């Protein structure tokens, strides 16, 4: 199981993952799905963009889930141009590391993933 997002980087470096041609620039194909296609709902209705760090974006008992998913709070986690390191990486639509790990290490969701070894000018 190659669930960890950094496998994509490893396989790319080994020539076993090729970036497909004609990609839609607005589509996230793989990697971290925080705010992209999943969220977490806790028993008391609190909604989180990611279950791994403090990312409360609303509550389903007081707000419509559709509205929460399309909210500015959720959009703030979708702005991949803010990622310090990943925004300039050719693999950003397939990886993006783990923003929760980054947040845990640095306090900055958009910082460079400390697990990523790829050298990128930031």
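Derivation of every value follows stated rules applied to the coordinates shown; laboratory data play no part. What you see is a predicted model; the values in this text were computed from it and never measured. We place every Cβ from the backbone using ideal geometry, glycine too, and count neighbours over all the protein chains shown.
Structure notes:
- Taking the stretch 86-122 as the range and being within 20 Å of residue 49 (Cβ to Cβ) and not in a loop (DSSP other than H, G, I, E, B) as the test, the residues that pass are 86, 87, 99, 100, 101, 102, 103, 104, 105, 106.
- Residue count for the stretch 51-76, restricted to those that are in a helix (DSSP H, G or I), in contact (Cβ under 8 Å) with a residue 40 or more places away in the chain and touching a helix residue (DSSP H, G or I) at 6+ places or on another chain (Cβ under 7 Å): 0
- The residues of the stretch 77-91 that are buried (at least 17 other Cβ atoms within 10 Å of the Cβ) and without any contact (Cβ under 8 Å) to a residue 40 or more places away in the chain, listed by number, are 83, 85, 86, 89.
- Conditions (1) at negative phi; (2) over 13 Å from the mean Cα position of the chain (by Cα); (3) surrounded by 12 or more Cβ atoms within 10 Å (Cβ to Cβ); number of the one not met by residue 43: (3)
- Flag if residue 48 is buried (at least 16 other Cβ atoms within 10 Å of the Cβ) and either without any contact (Cβ under 8 Å) to a residue 24 or more places away in the chain or in contact with a helix residue (DSSP H, G or I) (Cβ under 6 Å, 6 or more places away or on another chain) (or both): yes
- Of residues in the stretch 51-64 being touching a strand residue (DSSP E or B) at 6+ places or on another chain (Cβ under 6 Å) and under 15 Å from residue 98 (Cα atoms), the one surrounded by the fewest Cβ atoms within 10 Å (Cβ to Cβ): 51
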